[in-house]
Structure formats: C-alpha cells, structure tokens
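The values are calculated or read from the model by the stated rules, or taken from the named source; none is laboratory data. The model shown is predicted, which means the values in this text are computed figures rather than measured ones. Backbone-built Cβ (ideal geometry, glycine too); neighbour counts: all protein chains shown.
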Protein chains: 2
Amino acid sequence: MGGDLAPSVTVEGALRAHRERGLDVLLVGDEKRLNGELRRFGAEGELRVHHASEVIEMGEHPAQALRKKKDSSLKVCFDLIKAGQVAGMVSAGNSGAVLAGALFILGRLDGVDRPCIGGSLPTVKGRAVLVDMGANVDCTPEQLVQFALMGEVYARKVFGVPKPCVGVVANGEEEGKGTDLTRKAAAALRTDKEVAFHGYVEGKDVFSGEFDVIATDGFTGNVLLKTAEGAVWAFGQLLKRQIKSSPLASAAALLMKSSFDQVRKRVDYEEIGGAPLLGVQGVAMIAHGRSTARAILNALSGAELFAQKHLEEDLGAAARRAAALFTQRAAS
Amino acid sequence: MGGDLAPSVTVEGALRAHRERGLDVLLVGDEKRLNGELRRFGAEGELRVHHASEVIEMGEHPAQALRKKKDSSLKVCFDLIKAGQVAGMVSAGNSGAVLAGALFILGRLDGVDRPCIGGSLPTVKGRAVLVDMGANVDCTPEQLVQFALMGEVYARKVFGVPKPCVGVVANGEEEGKGTDLTRKAAAALRTDKEVAFHGYVEGKDVFSGEFDVIATDGFTGNVLLKTAEGAVWAFGQLLKRQIKSSPLASAAALLMKSSFDQVRKRVDYEEIGGAPLLGVQGVAMIAHGRSTARAILNALSGAELFAQKHLEEDLGAAARRAAALFTQRAAS
C-alpha cells in the first residue's frame, strides 16, 4: 500500500513477477482495493491477498506509526515474515518505517550493531554495492566496517563477484585523507585478511568499476547516490536543449534514441528495483517511492534471490568479524 | 611551477590571458625555464618573470614544505601579494600548500574562523557556488554558516545573482533530516534575515539551478563534486560503448558531435578555471592539477574579477554575521 503509485502499480508489478518469473506473491493491504486492482488487470484470484486495514503514510514518524497502526500493511507484512509465512517483503512506502519495522519486528542478526541499506550503483563494468545508502546518518568506525563486510557478502553471494574489491569513500586516495571515521574504519579493514580492501575510493572512481563494495556513512551514501542521479539528469537536460537548437542534431538524436534508451535502462533504478536491508533477521527490500511496475517486479526478484541465498548466516558472521577487528585493536 | 603540466601549459595560459584579455601576468618560478617557455611561444619579454628557485611538489606536506622551501614559487607568490606587488595569484600545484600559504602568509580576514574553497558547479540554469569544496574535512555549524554566507557574497558579487538562494546539503529536504552539524547550521541560517535560505538541498537538486549557493563540509563537498564528475563520465562511457555497437548510431553521433562538445564545454572545469579561497586577505585561485592552458586562462580571469570586486570587506562582514547568529542563539 505504500509508495507514490500504490496500490495500482504495485499490484501490476506483483502480477508481472508472478506471470513472468513465476514468483508466489502475497499482496498485503486493503483487500477491497487490492482485489479491485487485480480485477482491473483481469487477474482476480491470481494472487492471494492478505487484508490489512491501515496504511503508514510517507510523512509519518516511522517508529510511532508502527506502534500506532497495528494493522498497517507494513506491520502485517513484517508479522508474516516473523511467522515464517512469507520469505521476504518489498515496500515502496515510508522507508524509515520499513527500517524501523525490520529492526523492531524482525530484529537484528546476532552481532550486528546497526543494519544498513545496500544500494546498487551502475558502473562502467557492472554493478557496485553502496553501503550504507541512508539508514545511518551518523555512524561509528565499527559500524562502517560492518557495513563494508556485509556489503562484501552481498556482492559475493548475490552479484556473484568471486573476490569483491572493497573501498571506503573519502576525499582523496591517500591514507591521510578522510575524517576520523574513515581513517579508523580503513585502518581496521586493512587488518582483515579475508577481504580485498583497496583503501579509499574518491567520488570520481565510484563508477569506474574498480570497486565492488563502496562503504560510507548513510549521510554521504545518500548524497553520493542522489548527486550521481542529479548530475546525469542535468547532463541529459543540457544535451537535450543543445540538440533542440540544431535541426541536424535533432534528426541525429532520433537515430540514437535506442542507444540512449539502452544506457538509461542500464543506469535506471527501475532495473535495480530495490535496496536490501543488510543485518536483519529476514528479507526486506526498500523500493523507490516512485517505483514503476517494472521496478516492483525487479525488487520482488531481488527479494527472492536474497531469500534463496540464505545470507543471514554469512551477514551475521561478517558483522561479528568486523566487531572482532576492533576488539583486537583495542587489546593490542 | 605547480601542476601536472607546468610550467609549459601554465605559461601558455598566462600568455593567452595577456594577449586575449589584456591581463598583466607575472610568472613566478624558475627564471630560466619560464623564459625558455616564453621563447618557445615567441613571447620573450612579453610577460615579466619573477625568479623563485624551488618548487613545492604535489605529494609534499603543505605546511612543512612552505616552511622549508622559502624560495618556492608558491611562497614567493604569496609574499608578492602580501607586499602589494600583485593583486592575486593562481596555482595549479599542491592545493593544500596554497591553502596553508594563504592562511599563514596572507592571513584570515577579520572574523573568519576557517577559510573555504568555493567551487563552481554547472547547473541547468547557470552556475552554483559549492562551499566548502574540500579545505575543511571536519567543521562546526558556525564554520558551515560562514562558508554559506561567504559563498552568498561570491554568488552575488562575482556571478551577479541579485538574491542568491542558499541551501545546506543533506539526505532529504525535511528539517529533521541531516546530521547534528547540518541541523544546527540550518537553524542558524533560518534566523538570518539578510539571506534567502531555502533549507536543505538533496544531491539530486544540486544541479537543478534552484540553489545558487550549496553549503556543506569539505568532505561532503569533495565527494559531491567528484561523484558528479564520475557519474557524467561513466554515463558518457556507457553511451559511447552503446553507440559503437550500432553503425547507424555511430553515424548519428558524428552529426551530434558539436552538441556534445558544447555541453562538455559547459560542464568542464576548463571553463571554470579556478576555485577561489574565501576568507583570506587577498586573492588566491586554486586551479585543477591537470589544468590546460584554457583552464589557466580562465582561472587568471577569475582571479582578476575577484580582485576587481574587492570582496574582502563583504566576505569578512558575512563571516562576522555568521558568528553573531551563534552568539545570539547562545545568549537567547
């Protein structure tokens, strides 16, 4: 029920996930409206519906809304995961509430201090995982190392990168650069024998494909991701305007439309679909608030893949290894 | 003498600034090499040369190098400003050393806690000032407000924006978003009657042209600027690859080359030329380490404009006003 285009587009995406990829999707929310949407798509009874009478709105305070709205679609979704009735969930709604629900209802994995959101960044070679994408605006060096090592598990198990290259975002490549937070996190990561830590990654190298895991605090992660979106959008706007001023270029642009579309498709959040929560007991995918049906479809596929890989054990182990790096350092 | 392509490209840029824009440029550095370069361009005696026997290299520790190399081109440059013999300087060398030289030799303007670097961001409507671009990795709310108000002076006086719109970078638009730093800075800016403060600016809106001054700490500023560069570069790489895979698109791309070039020119650092230090007694422009002759030419023009506008008084007043916002808040 959450998201700017819900429930219509959400139902369409779920239906496509079922029809095109054979996923068993349970719709959680207002029974009447959801069945109405299914009817509209000629799919009455094709997906099961689990009734939930309330909706947490975008502007609501996450934790308060969760406590108050006991029959909200989000709360009921998490209860279903907790009860083992579904393998995971996708929401395009209030992302703070998804995070709060995952924390309070599912709970953290043993050893995890703070769960984080794993974003997916398109690079010139493939994809990189951005951790944290925005869950933890402030964090400690130990938490940042947990994000990095959990991100490494995700890149390895879900993206299939054999030995993911890990970097910490900073304002320069040299060890002396960065903040107290990044220097302490990088120092700890350097002592971990199990990951390929390649030091600091500058903004300009985030998309080069050299790094598979880009670790940073949630504030910087959010700014980084949105700045990249904004810069590409602005470049496109300037180019469009320039092309329009020339009839020759306008004609040429038509011939290049499919190339543009291919690249747009490659970098679009639609194709990424959702950002997983890393560090909680269960599978929760945060989808973009303006998710299209295709984005919902891909987020559901992402949730299925996450659930199939049974990452919980590895993610917990990664978080505990991160914590141990700091205990060792404090002891030595 | 500093910069990856110095002194050849620097001399060429200086010569063009003299020939094309009538600037009176003094070259500071190794007399023999600089005169050799002038000869190479058929311009012996066309620009004055001030000898300096040493060079601060890119990797050197800024403050130490400045103390040790008393006859470095950078140190001598600042001495010339201090002595009133030149109106300002441009360097494509070690930017940390430029900052240290400006701080220790020129000194801060009265009321300025920390000088910052003002970056220039291309937007879909024009340009925005990014403060701080990287001088202060950690900063206090009061310092951040000083950056914002000094940036406002720069946007107004140099870019000619009558009432610059000021924003603080955060991970969302709502007041509750951001960190302790951004919330305190934004709260103080809201109480300032003299500027048009429009609250938080998200990464995606940095290039929309809605904001003329984008204020943030130097860590985030650096990441933001370089991420934007990296994202546009990556988008271009993906597009190039896609176009190459289609003969039709390749042909069309040739017809669009001039449009691409126009946009690239608009967003390129070459056209921006240099980033001014805001908050020091004098004019110092930091140019990109890989500055081309055109970038040096534009940085010299930027330095001349800065010097002509006599910004020192306004910048100092802005910094003192920022400090007063915090004193009032503490007292109330």
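Of all the numbered requirements in (1) part of a loop (DSSP other than H, G, I, E, B); (2) within 20 Å of A:Ser301 (Cβ to Cβ), A:Ala128 misses one, and that requirement is (1).
Quick check: is even one residue across the stretch A:305-317 touching a Phe, Trp or Tyr at 6+ places or on another chain (Cβ under 9 Å) and either at the interface with another protein chain (Cβ under 9 Å from one of its Cβ atoms) or not in a helix (DSSP H, G or I) (or both)? Checking the stretch A:305-317: at least one residue is touching a Phe, Trp or Tyr at 6+ places or on another chain (Cβ under 9 Å) and either at the interface with another protein chain (Cβ under 9 Å from one of its Cβ atoms) or not in a helix (DSSP H, G or I) (or both).
When B:Ala188 is tested against (1) within 26 Å of B:Ile272 (Cβ to Cβ); (2) at pLDDT 95 or above, exactly one condition is not met: (1). For B:His51, are the conditions met, namely being surrounded by 14 or more Cβ atoms within 10 Å (Cβ to Cβ), of a type outside the set (S, T, N, Q), within 21 Å of the chain's Cα centre (by Cα) and farther than 26 Å from B:Glu270 by Cβ? In short, no. Does B:Glu270 satisfy the criteria of being assigned to a loop (DSSP other than H, G, I, E, B) and either of a type in the set (Asp, Glu) or within 7 Å of chain A (Cβ to nearest Cβ) (or both)? No, not satisfied. In the stretch A:241-259, the residue that is nearest to the other protein chains (Cβ to nearest Cβ) out of those that are over 34 Å from the mean Cα position of the chain (by Cα) and outside any helix (DSSP H, G or I) is A:Ser246.
Filtering the stretch A:232-250 to residues that are more than 26 Å from B:Leu225 (Cα to Cα), surrounded by 14 or more Cβ atoms within 10 Å (Cβ to Cβ) and of a type in the set (A, V, I, L, M, F, W, C) leaves only A:Ala249.
Does B:Pro62 satisfy the criteria of being modelled with pLDDT under 95 and crowded, with 21+ Cβ neighbours inside 10 Å? The answer is no for B:Pro62. Sub-8 Å Cβ pairs linking a first residue in the stretch A:54-66 that is within 19 Å of A:Leu106 (Cβ to Cβ) to a second residue that is of a type in the set (Lys, Arg), at least 6 apart or interchain, are A:Ile56/A:Lys69; A:Ile56/A:Lys75; A:Leu66/A:Lys75, ordered by first then second residue.
Restricting the stretch A:109-119 to residues that are touching a Leu at 6+ places or on another chain (Cβ under 7 Å) and under 28 Å from A:Thr227 (Cα atoms), the residue that is surrounded by the fewest Cβ atoms within 10 Å (Cβ to Cβ) is A:Gly119. The residues of the stretch B:208-240 that are polar (S, T, N, Q) and either out of contact with any Phe, Trp or Tyr (no Cβ under 9 Å at 6 or more places or on another chain) or in a strand (DSSP E or B) (or both) amount to a single one, B:Asn222. For the stretch A:194-207, enumerate the residues that are in a loop (DSSP other than H, G, I, E, B), within 7 Å of chain B (Cβ to nearest Cβ) and surrounded by fewer than 24 Cβ atoms within 10 Å (Cβ to Cβ). The one that is in a loop (DSSP other than H, G, I, E, B), within 7 Å of chain B (Cβ to nearest Cβ) and surrounded by fewer than 24 Cβ atoms within 10 Å (Cβ to Cβ): A:Glu202.
Do you know which of the residues in the stretch B:132-157 that are under 15 Å from the mean Cα position of the chain (by Cα) and within 14 Å of chain A (Cβ to nearest Cβ) is surrounded by the fewest Cβ atoms within 10 Å (Cβ to Cβ)? It comes out as B:Asn136. Of the helices (runs of 4 or more DSSP H) lying entirely inside the stretch A:55-118, those containing at least 3 residues that are in contact with a Gly (Cβ under 7 Å, 6 or more places away or on another chain) span A:73-82. Summed over the stretch A:20-40, the residues that are loosely packed, with under 14 Cβ neighbours inside 10 Å and either in contact with a Lys or Arg (Cβ under 9 Å, 6 or more places away or on another chain) or under 19 Å from A:Gly101 (Cβ atoms) (or both) give a count of 1.
Restrict the check to the stretch B:161-174 and report whether at least one residue is of a type in the set (D, E, K, R), surrounded by fewer than 22 Cβ atoms within 10 Å (Cβ to Cβ), without any contact (Cβ under 8 Å) to a residue 40 or more places away in the chain and within 12 Å of chain A (Cβ to nearest Cβ). Yes. Could you tell me whether any residue of the stretch A:170-177 is at pLDDT 95 or above and either closer than 25 Å to A:Leu278 by Cα or touching a Cys at 6+ places or on another chain (Cβ under 9 Å) (or both)? Within the stretch A:170-177, one or more residues are at pLDDT 95 or above and either closer than 25 Å to A:Leu278 by Cα or touching a Cys at 6+ places or on another chain (Cβ under 9 Å) (or both).
I'm checking my understanding of the structure. Among residues of the stretch A:211-240 that are of a type outside the set (A, V, I, L, M, F, W, C) and touching a residue at least 60 places away in the same chain (Cβ under 8 Å), which one is farthest from the other protein chains (Cβ to nearest Cβ)? Selected residue: A:Asp212. In the set (1) part of a loop (DSSP other than H, G, I, E, B); (2) closer than 30 Å to A:Val124 by Cα, B:Cys139 fails one condition alone, (2).
Which of the residues that make up the stretch A:227-244 are in contact with a Ser or Thr (Cβ under 8 Å, 6 or more places away or on another chain) and either hydrophobic (A, V, I, L, M, F, W, C) or farther than 30 Å from B:Asn171 by Cα (or both)? Result: A:Ala228, A:Ala231, A:Ala234, A:Leu239, A:Gln242, A:Ile243, A:Lys244.
Here the condition is being surrounded by 13 or more Cβ atoms within 10 Å (Cβ to Cβ), touching a residue at least 40 places away in the same chain (Cβ under 8 Å) and among the aliphatic types (A, V, I, L, M); of A:Ala43, A:Ala17, it holds for A:Ala17 alone.
Taking (1) touching a residue at least 24 places away in the same chain (Cβ under 8 Å); (2) surrounded by fewer than 20 Cβ atoms within 10 Å (Cβ to Cβ); (3) assigned to a loop (DSSP other than H, G, I, E, B) in turn, B:Gly3 satisfies each apart from (2).
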